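**Student:** Take a look at the following structure, please.
None of the figures in this text is laboratory data; all of them are computed from the coordinates on show. None of these values were measured; they are calculated from a predicted model. Every residue, glycine among them, receives a Cβ derived from its backbone with ideal geometry; neighbour counts consider all protein chains shown.
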Amino acid sequence: MKKNHEDKINRIAAEVRARVEARGAPGEFLSLGKVAVSHFVPNPHDPRHRDTKLDVRDLVEILELDVEGRTCTAEPGVTFSDLVRATLPHGLAPMLVPELKTITLGGAVAGCAIESMSYKHGGFHDSCLELELVTGTGERLCCSRAENRELFEMLHGSYGTLGIITKLKFKLIPAKPFVRMEYLRFDSLAAFNEGLFEACSAPDVDFVDAIVHARDQFVLCLGRFVEDAPKTSDYTGLEIFYRSTRSRREDFLTTYDYFFRYDTDCHWATRAIPGMTTKLGRALFGKFLLGSTNLLNWSKRLRPVLRHQEHLPVVIDLLIPKRRFAEFYRWYEGEISYYPLWIVPYRMPVPYRWIAEEHRSDLYVDVAIYGLPNDRPGVNYSKLLEDRTFELRGVKTLISENHYDEETFWKIYPREGYLRAKRRTDPHNLFRGLYEKFHFVNPHARPAAVQARAFPEARKKGAHAL
């Protein structure tokens, strides 16, 4: 039996108030117990594993789909897979659909969802009209550009530290049943750069991203909505999407399959599992291992093994300002040279309050580095990438390992605005502060100062390629 949304919110608000009243030491924190698998990069040293959980598993309903007005109102636990299954029959889609099926609406706002419509629309939160919030005192707030505007704008990138998003109203766009893919190949950074930024200005392109397969193999992936397709490809079983972009010039997918084309292999995470890039392995074990939910659940089970590693494999998204992308890429090619890379242009439609002015850019290039081995003695690639991004005035999403000292962190994510919102919504620090939530120490890692000195030693050693 479905619960009324009001009843759910009253229960959650009451539980938050009870938790504040019963709280012992200030170090006791509350985090959310959800249905969908967590899309934070699994980290065995994350203290949130020990938090008290607030059950929000019932916040999974689409409350209203206004086809004529092209808006949707839904609870935060709705996955994008369920959302697009509901909107596509009406010829509509969200303005931004993250690439993994079980990313939720609330997670896309609180975090930093990025995909191939970001070159035009930015993030999913940029399509939001209203957000309902239960604060750390159990208060219920409506946030929009007309009401509680600063808080509305600060919720993006707050990663759940300002309260619990309990309802969202957001815009939809027209969508067609199929997507026609066109793959353009480049063998130099200069040519790729020109093609990438030219595509971002093309009026007839709906989707723009790219895959760099090797130093001289850049593939620009352009997608367009179409009404009909002569034949569609299936990348949910034996075939692997990212590999197809190396050989195909054109492809057709259903719009649903296009949105989640990376989900089966969680980009290319299956490369780490013996046999799972072969058709035989996928046929025998795909039911248990393929798909982002399976892969993330397995990675969670591996926490005891990962706990003893000095450095975890690198899974990181770096938003590099357009004007500095070529400089970053040349450095990356010389210092690390791991492939594939996922490249996604990201337009910031309006200045984000939660990013310091010096780190803002009208257009970023998201460089997504997934699965980089981080086992070289004396070098921590995660920190090298973080440091270089800061030097280039870029922004790193915080779902992975973080090494910032507090002073550097608040140079990127303005402290004054964040603390003003924090005092308004979570004065008891029930949900942790933003810096504290993401800064924790691996007890097996060497001191940061030693790793910083290792920076020059990474030059041109150990290129990893497909």
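**Student:** Restricting to Cα pairs below 8 Å that are 6+ residues apart, what does the relative contact order work out to for the range 5-174? Please round to a whole percent.
**Tutor:** After rounding, I find 24 percent.
**Student:** Let me ask you something else. Report the relative contact order of the chain, percent, no decimals, based on alpha-carbon pairs under 8 angstrom and at least 6 residues apart.
**Tutor:** 18
**Student:** With the crude spin-label approximation of a point 7 Å out along Cα→Cβ, what separation in nm comes out for residue 197 versus residue 350?
**Tutor:** Going by the 7 Å Cα→Cβ label model, 2.7 nm.
**Student:** Using helices alone, what [θ] at 222 nm do you get for the chain, with -39,500 (n - 2.57) per DSSP H run of 4 or more residues, divided over all residues and rounded to the nearest 500?
**Tutor:** Helix-only estimate at 222 nm: -8000 deg cm²/dmol.
**Student:** Fewest to most neighbouring Cβ within 10 Å: what's the order for 320, 399, 62?
**Tutor:** 62, 399, 320
**Student:** Shifting gears a bit: Just tell me the longest site-free run in the chain, where the sites are GluC sites (Glu not before Pro) in a DSSP loop having at most 14 other beta-carbon atoms within 10 Å.
**Tutor:** Formally, the longest exposed-site-free interval is 311-466.
**Student:** Same structure, new question: If you take every residue apart from residue 215 with its C-beta less than 10 Å away from the C-beta of residue 215, what net charge results, scoring Lys and Arg +1 and Asp and Glu -1?
**Tutor:** -3
**Student:** Using a Förster distance of 56 angstrom, determine the FRET efficiency expected from the C-beta separation of residue 67 and residue 214, and round it to 0.05.
**Tutor:** 0.80
**Student:** Sort 434, 105, 312, 65 so that the residue with the fewest other Cβ atoms within 10 Å of its own Cβ comes first and the one with the most comes last.
**Tutor:** Least to most surrounded, the residues fall as 65, 312, 434, 105.
**Student:** Can you give the FRET efficiency to the nearest 0.05 for residue 28 and residue 406, using r as the Cβ-Cβ distance and R₀ = 25 Å?
**Tutor:** Given R0 = 25 Å and the Cβ-Cβ separation, E is 0.70.
**Student:** Most exposed first by the Cβ proxy, i.e. fewest other Cβ within 10 Å, how do 361, 158 rank?
**Tutor:** The order, fewest Cβ neighbours first, is 361, 158.
**Student:** Oh, and also: Taking amide H positions as placed in the peptide plane 1.01 Å from N, state which residues far from residue 363 in sequence (5 or more) or on other chains have amide H under 5 Å from it.
**Tutor:** Those lying under 5 Å, H to H, from residue 363 are 322, 348.
**Student:** Going 7 Å from the Cα of residue 224 along its beta-carbon direction, which residues of the range 170-202 have the amide nitrogen within less than 19 Å of the resulting point?
**Tutor:** 174-185, 195-202
**Student:** Then there is this: Distance in nm between label sites at residue 85 and residue 17, each 7 Å beyond Cα in the beta-carbon direction?
**Tutor:** Rounded to a tenth, the inter-label distance reads 3.7 nm.
**Student:** Taking Cα centroids, how far is the range 59-85 from the range 234-271 in Å?
**Tutor:** 25
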